[in-house]
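**Q** If you scroll down you'll find the structure; I have some questions about it.
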Amino acid sequence: MTQDTQAGVLGVQKKKSTSAFTRVARFMGIRAITLFFTVVIGVYTTILIANMGGYVDTIMRNDIRERVNQRVAASTANQNISAETRRQMADELIALEEKRLGLNTPFAIRSFRYLTDALQLELGRAQNMVSDNGSRTVRNIILERLPATLLLMGTSQLFLFFFSVFIALTLSRAYGSFWDKMVITLSPTSAAPSWFYGIFFILLFAAVFKILPFGGMVDAPVPDNKFDYILNVLKHLILPASSLIISSLFLSIYNWRTFFLIYSSEDYVDMAKAKGLPSRDIERRYILRPTLPTIITNFALLVIGLWTGAIITETVFLWPGLGRTLFRAIGFFDTPVIVGSTIIYAYLLAITVFLLDFVYVLVDPRVKVGGGK
Amino acid sequence: MKNLKKNFAEISRYPSAVFGLFIIFLLVALAIFAVIKIPYSEAVRLWRGGEDVWYMNPKNVPPAWFNTFRKTKLPESFAIKGGEEGFTKTVTPSSPDTAAIDFEYAFDFNYDVYPQELMLYFTSTYQSKNPFVSIYLITPDGEEIRIGDLGISARQTFRFSQDEKLIKRLVREKRNDDPMLGLFSVPETDPPVPQKGSYKLVVNGQTFEADSDINVEFVFHGQSYGLAGTDHARRDLMVALLWGAPIALAFGLLAALATSILSMAIAAIGAWFGGWLDELIQRITEVNLVLPFLAVLIMVGTFYSTSIWTILGVTILLSIFTGAVKSYRAVFLQVKESTYIEAAKAYGASNFRIIFFYLIPRMIPLLIPTLVSAVPAYVFLEASLALLGLGDPVLPTWGKVINDAQSNGALYKGYYYWILEPAVLLMVTGLGFAMLGFALDRIFNPRLRGI
């Protein structure tokens with residue numbers, strides 16, 4: 001402590017330029033390392049959970065044994081063979097299948113192999129799942145479903161974000177008005193998740209009025225015309241997207257509005273008003289500017305959140321997205337797919353958090369990189 | 001005490017808070033009523049008992065009160081045993097060994113829709129000679145239709161619409177070949193029109209041994225049932241709707257209470273001791289952010305156990321180290337520097353005393369709104385997992401009813417009541433807590449009060 005202050009006093013002129021660089025570099029290094037370890041531990045925990053402490057291995061072993069025994073018993077070619085040879089044959093097949101799934105190595109070793117592969121983004125091959133075009137690689141399984149999820153989540157979340165920020169800004173100016181009170185009154189409706197609204201929407205628009213499809217992404221004979229295809233997908237998109245939007249719209253507006261209101265009660269905003277600046281300028285320069293870090297953080301987290309998909313909404317609407325794939329992977333005990341989905345999210349999150357520190361500096365001159373916690 | 005009174009007076013100024021409190025009060029009352037009316041074991045028996053418990057109920061029918069709002073009235077279901085009021089049983093011995101046992105039951109049918117099914121459950125006692133019964137139905141216009149003649153064993157079921165002989169006889173008499181339409185229509189109408197009025201069921205039994213006896217239960221499967229209707233397995237939905245309340249409340253409240261208190265305590269400990277402990281707590285929070293919350297819950301449900309208590313435990317475990325720890329910690333770091341903590345340190349208060357008696361009580365205003373607002377999320381979480389087929393294997397919950405309805409295509413087939421009943425209850429629960437939570441947030445956080 002005393003040494004630091006002494007050094008500071010002595011080299012106060014010279015240190016300024018060099019220390020800024022070392023400080024940033026040091027901060028970046030420490031940040032990157034902690035984030036990397038966070039990812040490692042997070043992914044390894046997921047691997048452990050996906051295996052339930054060896055429990056899933058037992059399930060899979062029993063599953064294989066039953067399947068192979070049935071196949072051997074059912075095969076007519078084996079009928080003349082003695083029971084002893086047949087059992088031997090079954091055992092060989094079981095051993096082979098266990099080797100294919102990696103069950104012959106102990107889980108402790110296998111888990112680290114999963115981890116190192118995942119960290120290098122070598123997603124490997126799925127154990128039981130197959131992509132729609134017949135591929136077994138996790139990469140293809142995930143890539144195949146990515147567009148559907150991006151379409152659904154992208155449309156709904158981006159609309160939700162920009163719409164609620166825009167409305168919230170307008171409302172924060174008209175605070176206490178009818179619409180403002182309306183939003184406050186309606187905000188508890190966000191207590192219900194999107195699948196819940198989804199069921200109501202299906203009931204209304206698909207079952208009673210019969211104007212929109214129950215679910216899926218495209219009609220059964222796929223339209224061959226590209227234009228018709230897009231229209232058809234859009235028609236299927238309306239209900240899931242709007243249930244995702246409605247379920248968080250009012251709370252989102254309410255939160256942003258409260259947030260903006262807190263910032264617009266700052267003294268410098270009153271000062272600007274007193275100066276007689278036009279309200280657009282006040283909004284842009286004095287309200288949006290200081291709130292920009294928060295807006296950017298929220299937006300960045302939203303964008304990476306798209307990756308996870310919406311497991312339940314996709315299930316209710318039979319939307320062929322990543323969320324449903326993850327759910328199916330869990331049902332198939334398919335660790336590589338589960339880990340693949342997790343590692344990509346973890347990396348995206350870590351990179352975003354890392355980059356956000358620098359973005360803050362760019363948009364807010366008051367913030368310094370590594371300038372205290 | 002004074003403070004509590006003041007807060008309560010404050011709450012009564014917010015109509016939404018009063019409304020929310022009212023809903024919560026009703027739910028608690030409903031939950032207590034459910035637990036007292038249908039004890040746990042009875043609820044499980046009614047929900048999972050099998051065909052023996054449900055045989056009296058029709059399949060997939062809406063609640064009986066639908067008739068109030070319908071033009072075409074749906075027949076109500078009933079079941080009555082021979083010998084009970086209205087269902088007369090007369091025994092007339094004809095010789096030392098034989099006796100005639102006759103049953104008669106008159107019932108009104110003033111509906112516009114045909115019943116789903118009529119059934120007779122016979123039970124009899126005999127040594128070696130089976131008793132014999134003849135069944136007749138007398139329609140309002142006085143016509144007597146022979147339903148069937150059969151020798152009965154100890155337990156015998158007669159289903160009207162599955163009896164081939166009855167169908168043949170109805171066709172011969174130029175009636176509709178669907179027994180329900182054939183028996184309950186005005187003769188020779190096309191399309192068939194239900195015949196309203198008083199019907200009479202007559203069962204003439206004959207026994208051939210001294211101690212032989214016949215008993216019968218008449219089960220009328222209408223097109224509506226009870227207060228909540230039934231599902232695909234003939235279960236009375238009322239059981240699940242009633243029992244859903246205590247389960248939803250218990251799950252939501254326990255999860256919300258445990259997570260908010262634990263994360264607050266952990267944040268306080270971290271902020272107070274600082275150093276490596278604080279650092280560790282921060283890192284755990286970050287690792288937890290990487291874990292896919294719902295996916296982990298689904299994995300636990302799929303691989304390990306779908307018991308609601310296991311799921312509750314895992315939910316709490318995953319929800320302790322979240323952003324809440326960070327925001328509580330930030331406030332604790334400020335509070336830690338205040339003079340009254342300094343004073344406590346000066347008089348030698350222990351760490352434990354400072355954390356639990358000085359730091360945490362300061363945060364209760366922040367804790368209560370968060371706690372109340374968190375309840376709906378957990379109530380819906382339970383329903384969400386049930387919707388994915390990971391509901392508790394034994395207990396009837398609202399989410400499981402929605403799941404059953406979804407997987408049996410309730411929306412396609414038009415059984416809207418099946419989904420709407422649990423959904424409305426879920427929505428009301430969610431709204432009640434959310435509204436109260438919002439109002440409390442404004443009361444306890446003065447920063448928001450003006451806004």
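The values are calculated or read from the model by the stated rules, or taken from the named source; none is laboratory data. All of these numbers come straight from a predicted model, not from anything done at the bench. Backbone-built Cβ (ideal geometry, glycine too); neighbour counts: all protein chains shown.
**Q** Which ones in the stretch A:74-91 are loosely packed, with under 12 Cβ neighbours inside 10 Å and among the charged types (D, E, K, R)?
**A** Answer for the stretch A:74-91, where residues must be loosely packed, with under 12 Cβ neighbours inside 10 Å and among the charged types (D, E, K, R): just A:E84.
**Q** Of the residues that make up the stretch A:315-326, is at least one more than 14 Å from chain B (Cβ to nearest Cβ), touching a helix residue (DSSP H, G or I) at 6+ places or on another chain (Cβ under 9 Å), among the polar types (S, T, N, Q) and surrounded by 18 or more Cβ atoms within 10 Å (Cβ to Cβ)?
**A** no
**Q** Between A:L123, A:L96, A:L115, which is in a loop (DSSP other than H, G, I, E, B) and either away from every other protein chain (no Cβ under 11 Å) or without any contact (Cβ under 8 Å) to a residue 24 or more places away in the chain (or both)?
**A** A:L123
**Q** Separate question: Just one of (1) at the interface with chain B (Cβ under 10 Å from one of its Cβ atoms); (2) part of a helix (DSSP H, G or I) trips up A:F333, so point out which.
**A** Going through the list (1) at the interface with chain B (Cβ under 10 Å from one of its Cβ atoms); (2) part of a helix (DSSP H, G or I), A:F333 breaks only (2).
**Q** Being within 12 Å of chain B (Cβ to nearest Cβ) and either surrounded by 18 or more Cβ atoms within 10 Å (Cβ to Cβ) or at pLDDT below 90 (or both) narrows it down to one residue among A:I202, A:I109, A:I141; which is it?
**A** Values: A:I109 fails: within 12 Å of chain B (Cβ to nearest Cβ); A:I141 fails: within 12 Å of chain B (Cβ to nearest Cβ).
The unique qualifying residue is A:I202.
**Q** Among (1) at the interface with another protein chain (Cβ under 10 Å from one of its Cβ atoms); (2) surrounded by fewer than 16 Cβ atoms within 10 Å (Cβ to Cβ), where does A:R71 come up short?
**A** Of the numbered conditions (1) at the interface with another protein chain (Cβ under 10 Å from one of its Cβ atoms); (2) surrounded by fewer than 16 Cβ atoms within 10 Å (Cβ to Cβ), the odd one out for A:R71 is (1).
**Q** Same structure again: Collect the residues in the stretch A:63-106 that are β-branched (V, I, T) and over 28 Å from A:G331 (Cα atoms), keeping them in residue-number order.
**A** Matches in the stretch A:63-106: A:T76, A:I81, A:T85.
**Q** Quick one: is B:A267 within 14 Å of chain A (Cβ to nearest Cβ) and either in contact with a Pro (Cβ under 6 Å, 6 or more places away or on another chain) or at pLDDT 90 or above (or both)? If you could, list the steps in order and put the result at the bottom.
**A** Numbers: within 14 Å of chain A (Cβ to nearest Cβ): no; either in contact with a Pro (Cβ under 6 Å, 6 or more places away or on another chain) or at pLDDT 90 or above (or both): yes.
No.
**Q** Would you mind telling me which numbered condition in (1) within 11 Å of chain A (Cβ to nearest Cβ); (2) aromatic (F, W, Y); (3) touching a residue at least 12 places away in the same chain (Cβ under 8 Å) B:F444 fails?
**A** B:F444 satisfies every listed condition except (1).
**Q** Taking the stated definitions as given, is B:T285 within 14 Å of chain A (Cβ to nearest Cβ) and surrounded by 17 or more Cβ atoms within 10 Å (Cβ to Cβ)?
**A** Numbers: within 14 Å of chain A (Cβ to nearest Cβ): yes; surrounded by 17 or more Cβ atoms within 10 Å (Cβ to Cβ): yes.
Yes: the conditions hold for B:T285.
**Q** Just checking, does the stretch A:181-189 include any residue being in contact with a strand residue (DSSP E or B) (Cβ under 8 Å, 6 or more places away or on another chain) and part of a helix (DSSP H, G or I)? I'd like the intermediate steps shown before the answer.
**A** In the first step, residues of the stretch A:181-189 are kept if they are in contact with a strand residue (DSSP E or B) (Cβ under 8 Å, 6 or more places away or on another chain); the result is none.
No, the stretch A:181-189 has no match at all.
**Q** For the stretch B:293-369, give me every one of the helices (runs of 4 or more DSSP H) that falls completely inside it and has 1 or more residues that are closer than 26 Å to B:L436 by Cβ and in the same structural domain as B:L395 (by TED's automatic domain parsing).
**A** Details: elements: B:293-299, B:308-320, B:323-336, B:339-346.
Qualifying helices (runs of 4 or more DSSP H): B:293-299, B:308-320, B:323-336.
**Q** Among residues belonging to the stretch A:233-279 that are in contact with a helix residue (DSSP H, G or I) (Cβ under 9 Å, 6 or more places away or on another chain) and not in a helix (DSSP H, G or I), point out the one that is nearest to the other protein chains (Cβ to nearest Cβ).
**A** Residue satisfying both the conditions and the ranking: A:E266.
**Q** In the set B:L387, B:L426, B:L431, which member is closer than 27 Å to B:N67 by Cα and within 8 Å of chain A (Cβ to nearest Cβ)?
**A** Values: B:L387 fails: closer than 27 Å to B:N67 by Cα; B:L431 fails: closer than 27 Å to B:N67 by Cα.
After ruling out the rest, the residue left standing is B:L426.
**Q** Shifting gears a bit: Regarding A:A174, is this residue within 14 Å of another protein chain (Cβ to nearest Cβ) and buried (at least 17 other Cβ atoms within 10 Å of the Cβ)?
**A** Working: within 14 Å of another protein chain (Cβ to nearest Cβ): yes; buried (at least 17 other Cβ atoms within 10 Å of the Cβ): no.
So A:A174 fails the test.
**Q** Would you mind stating whether A:I230 is in contact with a Leu (Cβ under 9 Å, 6 or more places away or on another chain), modelled with pLDDT of 90 or more and on the phi < 0 side of the Ramachandran plot?
**A** On the way: in contact with a Leu (Cβ under 9 Å, 6 or more places away or on another chain): no; modelled with pLDDT of 90 or more: yes; on the phi < 0 side of the Ramachandran plot: yes.
The answer is no for A:I230.
One line per residue, one yes/no per condition, for (1) over 26 Å from B:R155 (Cβ atoms); (2) assigned by TED's automatic domain parsing to the domain that holds B:P194; (3) touching a Phe, Trp or Tyr at 6+ places or on another chain (Cβ under 6 Å):
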{"residue": "B:E217", "(1), (2), (3)": "no, yes, yes"}
{"residue": "B:A245", "(1), (2), (3)": "yes, no, no"}
{"residue": "B:L249", "(1), (2), (3)": "yes, no, no"}
{"residue": "B:A255", "(1), (2), (3)": "yes, no, yes"}
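**Q** So is B:P15 within 14 Å of another protein chain (Cβ to nearest Cβ) and exposed (fewer than 15 other Cβ atoms within 10 Å of the Cβ) or not?
**A** Values: within 14 Å of another protein chain (Cβ to nearest Cβ): yes; exposed (fewer than 15 other Cβ atoms within 10 Å of the Cβ): yes.
Answer is yes for this residue.
**Q** Please work out if B:I80 is of a type in the set (A, V, I, L, M) and either under 35 Å from the mean Cα position of the chain (by Cα) or part of a loop (DSSP other than H, G, I, E, B) (or both).
**A** Working: of a type in the set (A, V, I, L, M): yes; either under 35 Å from the mean Cα position of the chain (by Cα) or part of a loop (DSSP other than H, G, I, E, B) (or both): yes.
So B:I80 passes the test.
**Q** Something else about it: Being over 25 Å from B:N215 (Cα atoms) and surrounded by 14 or more Cβ atoms within 10 Å (Cβ to Cβ) narrows it down to one of B:A79, B:A31, so name that one.
**A** Of B:A79, B:A31, the one residue that is over 25 Å from B:N215 (Cα atoms) and surrounded by 14 or more Cβ atoms within 10 Å (Cβ to Cβ) is B:A31.
Let's see how each residue does on (1) within 15 Å of A:M153 (Cβ to Cβ); (2) touching a Pro at 6+ places or on another chain (Cβ under 9 Å); (3) surrounded by fewer than 18 Cβ atoms within 10 Å (Cβ to Cβ); (4) of a type outside the set (D, E, K, R):
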| site | (1), (2), (3), (4) |
| --- | --- |
| A:L292 | no, no, yes, yes |
| A:T308 | yes, yes, no, yes |
| A:R328 | no, no, yes, no |
| A:A350 | no, no, no, yes |
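**Q** Another question, then. Check off (1) touching a residue at least 12 places away in the same chain (Cβ under 8 Å); (2) surrounded by fewer than 16 Cβ atoms within 10 Å (Cβ to Cβ) for A:V208 and give me the number that stays unchecked.
**A** (1)
**Q** Please determine whether any residue of the stretch B:151-160 is part of a strand (DSSP E or B), without any contact (Cβ under 8 Å) to a residue 24 or more places away in the chain and not assigned by TED's automatic domain parsing to the domain that holds B:L426. Show your work before the answer.
**A** Going residue by residue through the stretch B:151-160, those that are part of a strand (DSSP E or B) are B:151, B:155-159.
Remaining after also requiring without any contact (Cβ under 8 Å) to a residue 24 or more places away in the chain: B:151.
Still in the list and also not assigned by TED's automatic domain parsing to the domain that holds B:L426: B:151.
Scanning the stretch B:151-160 turns up at least one residue that is part of a strand (DSSP E or B), without any contact (Cβ under 8 Å) to a residue 24 or more places away in the chain and not assigned by TED's automatic domain parsing to the domain that holds B:L426.
**Q** Can I ask one more? Being modelled with pLDDT of 85 or more and surrounded by fewer than 19 Cβ atoms within 10 Å (Cβ to Cβ) narrows it down to one of B:N408, B:N445, so name that one. Even if it seems obvious, please write down each step before you answer.
**A** Working: B:N445 fails: modelled with pLDDT of 85 or more.
Step by step, each of B:N408, B:N445 is checked, and only B:N408 is modelled with pLDDT of 85 or more and surrounded by fewer than 19 Cβ atoms within 10 Å (Cβ to Cβ).
**Q** Report, by residue number, each residue of the stretch B:50-76 that is under 19 Å from B:S198 (Cα atoms), touching a helix residue (DSSP H, G or I) at 6+ places or on another chain (Cβ under 8 Å) and part of a loop (DSSP other than H, G, I, E, B). Steps first, answer last, please.
**A** Going residue by residue through the stretch B:50-76, those that are under 19 Å from B:S198 (Cα atoms) are B:72-76.
Those left that are additionally touching a helix residue (DSSP H, G or I) at 6+ places or on another chain (Cβ under 8 Å): B:73-74, B:76.
If the condition is that a residue be under 19 Å from B:S198 (Cα atoms), touching a helix residue (DSSP H, G or I) at 6+ places or on another chain (Cβ under 8 Å) and part of a loop (DSSP other than H, G, I, E, B), then B:K73, B:L74 are the ones that fit.
**Q** Hey, B:A344 hits all of (1) over 14 Å from the mean Cα position of the chain (by Cα); (2) more than 21 Å from B:G275 (Cβ to Cβ); (3) not β-branched (V, I, T) but one; which does it fall short on?
**A** Here B:A344 clears every test but (2).
**Q** Answer with yes or no whether B:I308 is in contact (Cβ under 8 Å) with a residue 60 or more places away in the chain and among the aliphatic types (A, V, I, L, M).
**A** Values: in contact (Cβ under 8 Å) with a residue 60 or more places away in the chain: yes; among the aliphatic types (A, V, I, L, M): yes.
Yes.
**Q** Another question, if that's okay. With closer than 28 Å to B:A248 by Cα and out of contact with any Pro (no Cβ under 6 Å at 6 or more places or on another chain) as the only criterion, which of B:I316, B:I341 stands out?
**A** Working: B:I341 fails: closer than 28 Å to B:A248 by Cα.
Just a single option satisfies the conditions, and that option is B:I316.
**Q** Moving on. Hey, can you tell me all the residues within the stretch B:155-199 that are closer than 30 Å to B:Y126 by Cα and in contact with a Leu (Cβ under 7 Å, 6 or more places away or on another chain)?
**A** B:F158, B:F160
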